[in-house]
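*Asks:* Let me begin by handing over the structure; questions about it come next.
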Protein chains: 4
Amino acid sequence: MSANWGHHIELSLFGESHGKAIGIIIGNLPAGIQLDLDAIRKDMKRRAPGQNKMSTQRKEADEFEILSGFLDGYTTGAPLCCMIKNTSQHSKDYSYLKEKMRPAHSDYPAYVKYKGFNDVRGGGHFSGRLTAPIVFAGAIAKQLLAKEGIQVGAHILSVKDVKDERYPVNVDGDYLSSLASKQYPVINEEAWANMQAVIEDARLHQNSVGGKIECAITGLQAGLGNPFFDSVESHLAPLLFSIPAVKAVSFGDLDDITQSLGSQANDELYYDENKQVKTRTNHNGGITGGITNGMPVVFNVSIKPTASISLKQNTINVKTQENETLEIVGRHDPCIVQRAIVVVEAMAALGIYDMMEGFK
Amino acid sequence: MSANWGHHIELSLFGESHGKAIGIIIGNLPAGIQLDLDAIRKDMKRRAPGQNKMSTQRKEADEFEILSGFLDGYTTGAPLCCMIKNTSQHSKDYSYLKEKMRPAHSDYPAYVKYKGFNDVRGGGHFSGRLTAPIVFAGAIAKQLLAKEGIQVGAHILSVKDVKDERYPVNVDGDYLSSLASKQYPVINEEAWANMQAVIEDARLHQNSVGGKIECAITGLQAGLGNPFFDSVESHLAPLLFSIPAVKAVSFGDLDDITQSLGSQANDELYYDENKQVKTRTNHNGGITGGITNGMPVVFNVSIKPTASISLKQNTINVKTQENETLEIVGRHDPCIVQRAIVVVEAMAALGIYDMMEGFK
Amino acid sequence: MSANWGHHIELSLFGESHGKAIGIIIGNLPAGIQLDLDAIRKDMKRRAPGQNKMSTQRKEADEFEILSGFLDGYTTGAPLCCMIKNTSQHSKDYSYLKEKMRPAHSDYPAYVKYKGFNDVRGGGHFSGRLTAPIVFAGAIAKQLLAKEGIQVGAHILSVKDVKDERYPVNVDGDYLSSLASKQYPVINEEAWANMQAVIEDARLHQNSVGGKIECAITGLQAGLGNPFFDSVESHLAPLLFSIPAVKAVSFGDLDDITQSLGSQANDELYYDENKQVKTRTNHNGGITGGITNGMPVVFNVSIKPTASISLKQNTINVKTQENETLEIVGRHDPCIVQRAIVVVEAMAALGIYDMMEGFK
Amino acid sequence: MSANWGHHIELSLFGESHGKAIGIIIGNLPAGIQLDLDAIRKDMKRRAPGQNKMSTQRKEADEFEILSGFLDGYTTGAPLCCMIKNTSQHSKDYSYLKEKMRPAHSDYPAYVKYKGFNDVRGGGHFSGRLTAPIVFAGAIAKQLLAKEGIQVGAHILSVKDVKDERYPVNVDGDYLSSLASKQYPVINEEAWANMQAVIEDARLHQNSVGGKIECAITGLQAGLGNPFFDSVESHLAPLLFSIPAVKAVSFGDLDDITQSLGSQANDELYYDENKQVKTRTNHNGGITGGITNGMPVVFNVSIKPTASISLKQNTINVKTQENETLEIVGRHDPCIVQRAIVVVEAMAALGIYDMMEGFK
């Protein structure tokens, strides 16, 4: 299954970077949900390109059109199809991408898999642009979760070697909201200044950097998830690894739990003054035995440096079958970490909503 | 879905640590496959407890009985059910586990989820013992993959802060086989001596340690996998996160790809002397755009320190609803990394076999 | 997917007629359900062979053993594995089944599919014997449904050309219970006498007969099901067609709805004296637009005449590759309709329970 | 799952009768397939309304737009999204449908399920109009199957009590093609004349009629399908029952197999002069034990009389909560059997293609 996902919710993703449109179908939504379209647009804007020199200069309005499943402001219960027309396809020549395979991109494996018939313009179906409809779907999932007191938020944990702070152990929805109101959500504002410098340096050197995004989900009851194949980690991980450029997923609030002793990694349980069960630390990220324990679910993902760089690179030409050099022209992001934050939130929201099997 | 897994292969896992039996059904296997039962037993022995002071002293023969799907040495094509009877259930009193929740275990979330009806003896269905049937299934998957020239192997990458070396960039099946013949597969033998010391130290202090396991899959053609929801990473990750104690999964051969610049993380493509496409480095772990590129698939998982430690710990008593202390008695592993190697291999083999949609 | 089924519940079926054991795993059951094992045994006895001359004389106790997921009388929430050991495998020579393909059986297609490696003894995995674990699972589903006021019952609608009456339009749980208390549930007792005569006649002529089973599910609220791919009909049909020998499934209480005019087939809606919505007739079987309308769900399945008959038949010998004659020896059912009633109930109960996505 | 379907292929259906657009995503298609768009249009025209007085006078061009997955005449391997804009939505008042529930329609169960938020205009998402994108997808599946020598064809088996003949036992692709070239495929042309008279009579009386459609799939090898939950019957049935108005599905070429003796229903196997395995009759419809036996797969579906009739009917008003009468105005089909033929073919083609797990 590549384009479809979901055990309860039903996602189906389509589109290519320079085709007519991209979009998503979201099936099995409850009927009668009033959608806040402005909140959706706000999330989509957080992901959209062209906002500053840290991201590609491709200008896409990313205006979505809802084709079905939505009437007079409310969901109808039928599959909701969202379409986003592509408007800024450049007419430039992409034919070199048919021959020269960009390193660390899908180009070569896609060439083999699709026997050369895949749409290579702008990465085609593999483009990060496909995360726009995912952000759309995630924004709806967030609205559904919020009704149940569940909030999802993410911040930049690091850009290359510049680190932000970690969420506090008892991070709550208010905390996440205040972070989300920032254009570039970091806990430590100084960190962001340094991150910007690192990104700018990469840009000036026609290079790129990556980083980590930490995400928290608050308001979850204990008892969500299952042993083994459908642990919370197992349920969220495929969504997170679906995000282009994510190469690692780590649950808990430690950089590396394997550096701890058991006595350190074992988050002590206690009843707080309200007889609520909590843990003193949250190194297990709110999940033990694959099931939520009532603490915030916390994890981070590693985003590799943007694969598209302007520096000359060695690669193969599948037409000439020779080793050649390549200079990628066009509009690149020296860092996509800041644009990926809302994508991580979307995937987390979709995964958690799916695990909860909807709200009747 | 908790007990069932698979898009092509059909796994269904059952059993509790101290119930009558544990086991697995493996559906959709090809008919007419001659199974090497000795190879399966060998893999199961790699996981089995009671072999030395580094692991629990529970003695379980882990003798499997095949109830169906196997006749006269060959698979019949019908679902293959493997049952392993529990033989070493201690009659000791487990009732304290009904009340005192072990930190970092499934105890508390399971208590909430199952309203106290779950079998708590030895962790019940959450027990690491359930990985025995997974190793059984994985051993079969390995045999199927081997017929196609695909090999799966893993080694200890680290125990706490003691590191082994990384696989060479062009690791092949022979290399994996030679490592697999070691009782404790490490590349650098000296590392293992230091790892043992760390484990022994933890054991003496009634504590525990974790570590990382690196796994490679060789012989894969380019073109396996899909964009987005069914990327190779997305397909393997839920299986890997199903392994008890796994808290992080990282693809590629770097400790942290976010520390690199794009120019470093972009594995250069080249034609070798045989016009085979390869990459100079393998920082993307043989997967770009979610699809294999023909290089070995390489990833590592982080195993947290064993949650069961003998040290006195603070926790809750759900019966008294008070904060209390707990001393876990019984048979513990100060480190399970060495026993988990073959479990990681099994999950990787099952995941890859499933992605290949069987061999006709 | 052949051995696994379920969107919410997780079934996994295994075993061969003359192998060591048959059984089923039932995953995703709620924890804390007290199971009435006697009621399960009673259902299994309704299916069991060897009870009279109308069915095969193979004697199987069909005693089930629960290996997991059940403790001290209650479900634990972990997958429940039920194993039934085969005890009455005859040691006679089945080798002729390797060569001579029984007409209308799985023999020839299975020979091709499994390249001759399938277990042919007694039909192997294709045996009607595999319905024993399905009845076990169905009996549990019935108990779960009964807690919600939902009842499932079936009766013989016809044997060859002898017909029973139809359920009354407002059939309820009490009516189903009273029918279920009969050894051979028919509405019109005289019909049963005639059915017996038809079966006995077939038996004496070494031949066989089939018939129809009508099933009703009462107590369902309106609103269950979905448009298109997951209509109630679409959800139940694959389960019903999984029953060996079922060749047709028909929803509604008419023999052939295509013989009606729209004005006749359109069940008129009305509010009854309690302002309950009902329909005057139930020709749509409680389902319109793929969704329950609050009336009993009613359908019938057609069971073809037992394929195993003693009469000499023409067939092929795949070894000699010649056309030959075959006389099937052994224990046959001249009619399996009466044994299949509880299997139909089981499949219906499992399907409806699955659609309801469990009860929290 | 309501909107998504498929084990190998990935279908996702969206749209409402009077919304902006309807459509379908088809995932997991092979890359590099040259699509014959004219053949697709031809199939869509077979289903389209407004062609004569036997069908609704709504005029819809049903012009499809391919938004993704298709480039320069070939599939790209990415999900193919087909959108069909609605153009003939009448602006008339549909508000009465919010209150008065049309008998035998989805209206009342949908009202309950979606709490009144469903789009009721023209039946909304439940409209037969949603079969247009299914025909689109089916036409592609047919093209894929044809490359493997597999053909799918259907004809009108009956309209009310007027019957066509059955397919010959050795029906082949040529026979199906010649039938398909007819505007109204029947084997016996006289039957069609009588069918038309029955439909016209219903129309004149503001009533409706139904009928049966027989479908054959030729060119299938023996060995496709699985025992139990994924038998060929189980795989096709949910698709067939997804077609609005289908209430029964019957495999084999007999009107009622339960009227036969075993000796009659057991299709004798034989080697023909070319040592091909065949059966003398095809009462099991090319499937025994759930698996194809190499004979044509043959089944028929029962289409109930169109639920929308102009005759005054008794029903409920959910707003007033009173029993009232209803006269449905607008454009109705007195019979949809002739329009449903190509829908049955589409579902059969999609189901078989899915079972074959694609062609590499």
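*Asks:* If packing is taken as the average number of other Cβ atoms within 10 Å across a peptide's residues, how do A:173-183, C:313-323, A:275-285 rank, most packed first?
*Replies:* Working: A:173-183: 14.4, C:313-323: 16.4, A:275-285: 19.1.
Sorting A:173-183, C:313-323, A:275-285 by mean packing, highest first, produces A:275-285, C:313-323, A:173-183.
*Asks:* Along its three principal axes, how long is the stretch A:158-236 when you only count alpha carbons? Whole Å, largest extent first please.
*Replies:* Result for the stretch A:158-236: principal-axis Cα extents of 48, 30, 17 Å.
*Asks:* Then there is this: Reachable aspartates and glutamates from residue C:45, Cα under 12 Å, same-chain residues fewer than 8 places away excluded?
*Replies:* C:60, C:62, C:63
*Asks:* If you don't mind, there's one more thing I want to ask. Quick check on the protein assembly as shown: helices-only [θ] at 222 nm, where DSSP H runs of length 4 and up contribute -39,500 (n - 2.57) each and the sum goes over total residues. Nearest 500, please. Write out the running numbers ahead of the final one.
*Replies:* Working: 32 runs with 369 residues, N = 1440.
Roughly -8000 deg cm²/dmol at 222 nm, from the helical runs in the protein assembly as shown.
*Asks:* Roughly speaking, what is the centre-to-centre gap between the stretch C:101-146 and the stretch C:180-225 when only Cα atoms are used, to the nearest Å?
*Replies:* 21
*Asks:* If all Cα-Cα distances of the stretch A:134-202 are sorted into 10 Å bins from 0 onward, what percent lands in each bin, rounded to whole numbers?
*Replies:* 19, 42, 29, 10, 0
*Asks:* Running Debye on the stretch C:181-327 with equal point scatterers at the Cα sites and no solvent, what base-10 log of I(q)/I(0) appears at q = 0.09, 0.10, 0.11, 0.16 Å⁻¹?
*Replies:* Per q value, in the given order, log10 I(q)/I(0) is -0.44, -0.53, -0.61, -1.00.
*Asks:* Using the Karplus curve 6.51 cos²θ - 1.76 cosθ + 1.60 with θ = phi - 60°, what ³J(HN,Hα) values do you get for each residue of the stretch A:163-174, in whole Hz, with x for Gly and Pro?
*Replies:* For the stretch A:163-174, the Karplus curve yields 10, 8, 6, 8, 4, x, 4, 9, 3, 10, x, 5 Hz.
*Asks:* Another question, then. Provide the per residue accessible area, probe 1.4 Å, for the stretch C:132-265, rounded to a whole number of square angstrom.
*Replies:* Details: 4290 Å² over 134 residues.
Result: 32 Å² of accessible area for each residue.
*Asks:* Set the Förster distance to 60 Å, then compute FRET efficiency between residue C:322 and residue D:190 from the Cβ-Cβ distance, nearest 0.05. Spell out each step's value before the answer.
*Replies:* On the way: r = 43 Å, r/R0 = 0.72.
The pair residue C:322/residue D:190 has a calculated efficiency of 0.90.
*Asks:* Starting from the exponent 0.38 and prefactor 2.2 Å, build the expected Rg for the protein assembly as shown from its residue count and divide its actual Cα Rg by it.
*Replies:* Working: Rg = 31.3 Å, N = 1440, 2.2 N^0.38 = 34.9 Å.
The reported ratio for this selection is 0.90.
*Asks:* Pull up all non-local amide H partners of residue B:71: gap of 5 or more, or a different chain, and H-to-H distance under 5 Å with H placed in the peptide plane.
*Replies:* Under 5 Å from the amide H of residue B:71 lie the amide H atoms of B:76, each far enough along the sequence or on another chain.
*Asks:* Pop out a list of residues from the stretch C:115-134 that are at least 50 Å² less accessible with all the protein chains around than in their chain alone; 1.4 Å probe, no ligands or nucleic acids counted.
*Replies:* Residues of the stretch C:115-134 that lose at least 50 Å² of accessible area once the other chains are added: C:117, C:125, C:126.
*Asks:* Beyond 25 Å, how much of the Cα-Cα pair distribution for the stretch C:98-212 remains, as a whole percent? Mind dumping the intermediate values first?
*Replies:* Numbers: 3105 of 6555 pairs.
Tail of P(r) above 25 Å: 47 percent of Cα pairs.
*Asks:* Now for a different question. Please report the buried accessible area for the interface of C with D, total over both chains, probe 1.4 Å, in Å² to the nearest 100.
*Replies:* Numbers: alone 17570 and 17600 Å², together 27220 Å².
Summing both sides, the interface buries roughly 8000 Å².
*Asks:* Shifting gears a bit: Direction-averaged shadow area of the convex hull around the Cα atoms of the stretch C:243-322, nm²?
*Replies:* Numbers: hull surface 37.5 nm².
Average projection, Cα convex hull of the stretch C:243-322: 9.4 nm².
*Asks:* Between residue C:169 and residue B:255, with labels modelled 7 Å along Cα→Cβ, what's the label distance in nm to one decimal, could you check?
*Replies:* If labels sit at residue C:169 and residue B:255, their model points lie 7.9 nm apart.
*Asks:* Starting at the first residue of the stretch A:302-319, write each ³J(HN,Hα) from the Karplus equation 6.51 cos²θ - 1.76 cosθ + 1.60 with θ = phi - 60°, in whole Hz, x for Gly and Pro.
*Replies:* With coefficients 6.51, -1.76 and 1.60, one gets 9, 9, 6, x, 3, 6, 7, 10, 7, 4, 5, 10, 8, 7, 10, 10, 6, 7 Hz.
*Asks:* Enter the Cα centre distance for the pair the stretch B:304-333 and the stretch D:319-356, rounded to the nearest angstrom.
*Replies:* After rounding, the separation between the Cα centres reads 62 Å.
*Asks:* In percent, how large is the relative contact order of the stretch D:120-251, given Cα pairs closer than 8 Å and 6 or more residues apart?
*Replies:* Values: 126 pairs, mean separation 37.5, N = 132.
Here the relative contact order equals 28 percent.
*Asks:* To continue, here is another question. Can you list the copy-to-copy distances for residue D:320, using a point 7 angstrom from Cα toward Cβ, in nanometres, shortest first?
*Replies:* Result, one decimal in nm: 6.9, 7.9, 8.2.
*Asks:* Okay, next question. List, in the order given, every pair from A:42/A:247; C:42/C:182; A:278/B:212; B:182/B:278; C:147/C:212; A:278/B:319 whose Cα-Cα distance in the structure shown is over 18 Å. Don't skip to the answer; put the middle values down first.
*Replies:* Working: A:42/A:247 27 Å; C:42/C:182 12 Å; A:278/B:212 28 Å; B:182/B:278 29 Å; C:147/C:212 29 Å; A:278/B:319 16 Å.
As for pairs spanning more than 18 Å Cα to Cα, those are A:42/A:247; A:278/B:212; B:182/B:278; C:147/C:212.
*Asks:* Would you please give the FRET efficiency between residue D:272 and residue C:87, computed as 1/(1 + (r/R0)^6) with r the Cβ-Cβ distance and R0 = 41 Å, to the nearest 0.05?
*Replies:* Values: r = 43 Å, r/R0 = 1.05.
Computed FRET efficiency for residue D:272 and residue C:87: 0.45.
*Asks:* Given R₀ = 51 Å, what would the calculated FRET efficiency be for residue A:204 paired with residue C:148, taking r from the Cβ atoms and rounding to 0.05?
*Replies:* On the way: r = 66 Å, r/R0 = 1.30.
In this case the efficiency is close to 0.15.
*Asks:* Taking each residue of C:266-275 in turn, how many C-beta atoms of other protein chains fall within 10 Å of its C-beta, and what is the average?
*Replies:* Values: counts 16, 4, 8, 17, 7, 8, 1, 0, 0, 3.
The per-residue average across the peptide is 6.
*Asks:* From the mean inverse distance of alpha carbon pairs (Kirkwood) and the Cα radius of gyration, derive Rg over Rh for the stretch D:1-47. Kindly include the intermediate steps, with their values, before the conclusion.
*Replies:* On the way: Rg = 13.0 Å, Rh = 12.7 Å.
Answer for the stretch D:1-47: 1.02.
*Asks:* Given the protein chains as shown and a 1.4 Å probe, how many square angstrom of residue A:189 are accessible, to the nearest 10?
*Replies:* Around 100 Å² of this residue is reachable by solvent.
*Asks:* Let me ask something additional. Along the principal axes of its C-alpha atoms, what lengths does chain D span, in descending order and rounded to whole Å?
*Replies:* 69, 50, 37
*Asks:* Can you give me the distance in nm between label points at residue A:61 and residue C:181, each placed 7 Å from the Cα along the Cα-to-Cβ direction?
*Replies:* Label at residue A:61, label at residue C:181, 7.2 nm between them.
*Asks:* Give me the percent of accessible area attributable to carbon and sulfur for chain B, probe 1.4 angstrom. All intermediate terms of the calculation are to be shown ahead of the outcome.
*Replies:* Values: 5560 of 11780 Å².
Exposed carbon and sulfur together represent 47 percent of the surface.
*Asks:* Let me ask something additional. Across the stretch D:334-346, in residue order, what do the Karplus-derived ³J(HN,Hα) couplings come to in whole Hz, using 6.51 cos²θ - 1.76 cosθ + 1.60 with θ = phi - 60° and x for Gly and Pro?
*Replies:* Residue by residue, the stretch D:334-346 yields x, 7, 10, 4, 5, 7, 7, 3, 6, 6, 4, 4, 4 Hz.
*Asks:* Grab the eigenvalues of the alpha-carbon gyration tensor for the stretch D:19-178, scale each by 5, take roots, and send me the semi-axes largest first in whole angstrom. Write out the running numbers ahead of the final one.
*Replies:* Working: eigenvalues 198, 115, 42 Å².
Semi-axes from the Cα gyration tensor: 31, 24, 15 Å.
*Asks:* If a paramagnetic tag sat 7 Å from the Cα of residue D:264 along the Cα-Cβ line, which residues of the stretch D:152-173 would have the backbone N under 17 Å from that point?
*Replies:* Output list for this probe position: D:166.
*Asks:* Residues with amide H under 5 Å of residue D:324's amide H, sequence separation 5 or more or different chain, H placed in the peptide plane at 1.01 Å from N; which?
*Replies:* Result for residue D:324 returns D:315, D:316, D:317.
*Asks:* Taking every residue in B:291-304, how many Cβ atoms of other protein chains lie within 10 Å of its Cβ, on average?
*Replies:* On the way: counts 9, 3, 10, 3, 0, 0, 0, 0, 2, 1, 1, 9, 2, 12.
Mean shielding by partner chains, rounded to a whole number: 4.
*Asks:* To one decimal place, what orientation-averaged projected area in nm² is obtained for the convex hull of the Cα set of the stretch D:214-277? Could you put the intermediate results ahead of the total?
*Replies:* On the way: hull surface 24.4 nm².
With every direction weighted equally, the projected area is 6.1 nm².
*Asks:* Separation of the stretch C:1-20 and the stretch A:1-36 by C-alpha centroid, Å?
*Replies:* Between the Cα centre of the stretch C:1-20 and that of the stretch A:1-36, the gap is 32 Å.
The values are calculated or read from the model by the stated rules, or taken from the named source; none is laboratory data. Just so it is clear, the structure is predicted and the values come from calculations on it, not from any experiment. FYI the Cβ positions are ideal-geometry reconstructions off the backbone, even for glycines, and counts take in every protein chain you see. All accessible areas refer to the heavy atoms of the entire protein, side chains included, with ligands and DNA or RNA removed. Shrake-Rupley method; radii C 1.70, N 1.55, O 1.52, S 1.80 Å.
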